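Data block below; observations after.
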Ligand code: NDP
């Protein structure tokens, strides 16, 4: 018996020693891998992609956003719920001591089981549609590009494949929504509006969880170590992301999933819920609400119709996946891009015909410019310049760049069509459309105009960020291009 106990103790000690050794080896391996990543990354300095070194301005902006972006979202939504969408009244109340912060907070609905259940079901359903149903739309919709598509070459020289089935997910979700609203009546179409703040807490939980998971994943089990970036600054890496294309398994791509669904599929459903609330409260849906639903609906549908094109945009081609995309897609996008619809629930605006036609014209014109500019670049790149733009062979500048492994690639920058007018005329069209949504809400409050202010800052910053990246990617070729097309957004102005 004694011998047996001794043997047992010896065995336990051996096991513990082995565990410690394994843990030690694993730690060493993780350190080596981290070191290797840094080496890889250092070797690729000067390549394109997000920053390698963090300047004080970027760091200050990032800290500001990490601290205040969630508060900004809360402030806007709370202003509508408690102050009829006035942005100044809550501040005035607090500054004059009329109200304490705690009073505002106490009147804010908390997280509920119902909201948690609705949100979990929603996200699970979107994951199911994304991973389980291969695209069938491209089989019967002429001109639609879906199914397995290739993305752009990453800085490490990898070409990712994507299952493009967003349009199908959007259609299925909306068919079910309308089937419920008009026939099954399992839940009220106002469900989103009715749970708007409790759902905000759920969206925040998901946003933070996915960003934190992406950070941990980037350190310990990246999908492609050579496409990771470490600046050494925790906050910058958390915000701007480490991994370029984090994936789970072969097909679950974080960037494609989180940006498109639950964010953009939700956009049109949220607007529909706001329209249903107007109907419930006032017995009618105003023409401004119809305009906002219609114009934003076109924008959303365009996104899914062109999801394959989206693989070639900055979000997928150049941005790493961090809080900026993870939290932004879960919280910022569904809550702040839909402010016009929310505002119209509290302030039902009936526009006169001239105003409504003006908004519609501006919205459609903006959309046309946005789509045509993007289409011209897509066509030009797909055909390697062998196409016609405005009836003529496109003009362009030949350029080259090098990936991390030293391979040289060749590309072309178009200087004709809308791309000859300005270097980002697609942003100009987007801004015109954004202004139209805001103008649909009349002129009584500034809250609905937040969107155009935000989009102007976003797209101007994006323009500068993209040009900085293109400049380090293409070097002197980029200089030739900017000399040929000197303006960014507006010919002769900016
Ligand atoms: P672009 O589609 O303009 O893509 C920029 C990239 O296109 C550049 O990095 C470069 O990539 C390539 N490029 C630049 N100039 C030329 C040229 N002359 N000829 C050929 N290729 C060129 O930018 P985004 O991805 O930012 O935007 C896509 C659309 O999405 C825009 O219309 C924008 O308005 C919209 N958008 C909307 C947002 C929203 O929140 N609603 C947010 C962000 C974007 P390469 O390295 O391949 O040369």
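The values are calculated or read from the model by the stated rules, or taken from the named source; none is laboratory data. Since we're looking at a predicted model, the values are computed, not measured. In this analysis, Cβ positions are derived from the backbone assuming ideal geometry, glycine residues included, and neighbour counts consider all displayed protein chains.
The residue list 167, 111, 129 contains one member that is part of a loop (DSSP other than H, G, I, E, B) and surrounded by 15 or more Cβ atoms within 10 Å (Cβ to Cβ), which is 111.
Residues that are in a loop (DSSP other than H, G, I, E, B) and in contact with a helix residue (DSSP H, G or I) (Cβ under 7 Å, 6 or more places away or on another chain) within the stretch 146-164 comprise 146, 154, 155, 156, 158, listed in sequence order.
Pull up the stretch 434-481, narrow it to residues that are in a helix (DSSP H, G or I) and over 28 Å from the mean Cα position of the chain (by Cα), then point me to the one that is surrounded by the most Cβ atoms within 10 Å (Cβ to Cβ). For the stretch 434-481, the residue satisfying everything is 481.
Within the stretch 86-98, does at least one residue satisfy the condition of being in a loop (DSSP other than H, G, I, E, B), surrounded by fewer than 10 Cβ atoms within 10 Å (Cβ to Cβ) and at pLDDT 55 or above?
Of the residues in the stretch 86-98, the ones in a loop (DSSP other than H, G, I, E, B) are 86-87, 96-98.
Adding the requirement that they be surrounded by fewer than 10 Cβ atoms within 10 Å (Cβ to Cβ) leaves 96-97.
Next cut, at pLDDT 55 or above only: 96-97.
The answer is yes, given that some residue of the stretch 86-98 is in a loop (DSSP other than H, G, I, E, B), surrounded by fewer than 10 Cβ atoms within 10 Å (Cβ to Cβ) and at pLDDT 55 or above.
The residue list 407, 373 contains one member that is surrounded by 21 or more Cβ atoms within 10 Å (Cβ to Cβ) and assigned by the TED database to the domain that holds residue 468, which is 373.
It is to be established whether one or more residues within the stretch 276-286 are crowded, with 16+ Cβ neighbours inside 10 Å and assigned to a loop (DSSP other than H, G, I, E, B).
Going residue by residue through the stretch 276-286, those that are crowded, with 16+ Cβ neighbours inside 10 Å are 276-278, 285-286.
Keeping just the survivors that are assigned to a loop (DSSP other than H, G, I, E, B) gives 285-286.
Taking every residue of the stretch 276-286 in turn, at least one turns out to be crowded, with 16+ Cβ neighbours inside 10 Å and assigned to a loop (DSSP other than H, G, I, E, B).
Of the listed requirements (1) surrounded by 19 or more Cβ atoms within 10 Å (Cβ to Cβ); (2) free of Cβ contacts under 8 Å to residues at least 12 places away in the same chain, residue 213 misses just one: (1). Screening residue 406 with (1) more than 15 Å from the ligand (Cβ to nearest atom); (2) on the phi < 0 side of the Ramachandran plot; (3) in a loop (DSSP other than H, G, I, E, B) gives one miss only, at (2).
Selection of the stretch 392-403 for residues being within 10 Å of the ligand (Cβ to nearest atom) and more than 20 Å from residue 376 (Cβ to Cβ) yields only 401.
Specify which of the listed residues (447, 458, 489) is closer than 29 Å to residue 362 by Cα, outside the structural domain of residue 290 (by the TED database), away from the ligand (no atom under 12 Å from the Cβ) and out of contact with any strand residue (DSSP E or B) (no Cβ under 9 Å at 6 or more places or on another chain).
Values: 458 fails: away from the ligand (no atom under 12 Å from the Cβ); 489 fails: away from the ligand (no atom under 12 Å from the Cβ).
Only one candidate qualifies: 447.
Scanning the stretch 410-433 for residues that are within 7 Å of the ligand (Cβ to nearest atom) and either part of a loop (DSSP other than H, G, I, E, B) or under 18 Å from residue 348 (Cα atoms) (or both) turns up 415, 423, 424. Evaluating residue 332 against the criteria (1) in a helix (DSSP H, G or I); (2) modelled with pLDDT under 95; (3) outside the structural domain of residue 466 (by the TED database) leaves one unmet condition, (2). Within the stretch 223-250, the residues that satisfy the criterion of being more than 21 Å from the chain's Cα centre (by Cα) and under 20 Å from residue 160 (Cα atoms) are 224, 225, 226, 249, 250. Selection of first residues in the stretch 482-494 that are closer than 15 Å to residue 431 by Cα and of second residues that are exposed (fewer than 15 other Cβ atoms within 10 Å of the Cβ) and modelled with pLDDT under 90, restricted to Cβ pairs under 6 Å at least 6 apart or on distinct chains, gives the following pairs, ordered by first then second residue: 488/494. Residue 308 satisfies every condition listed in (1) near the ligand (Cβ under 9 Å from one of its atoms); (2) assigned to a helix (DSSP H, G or I); (3) over 24 Å from residue 76 (Cβ atoms) except (1).
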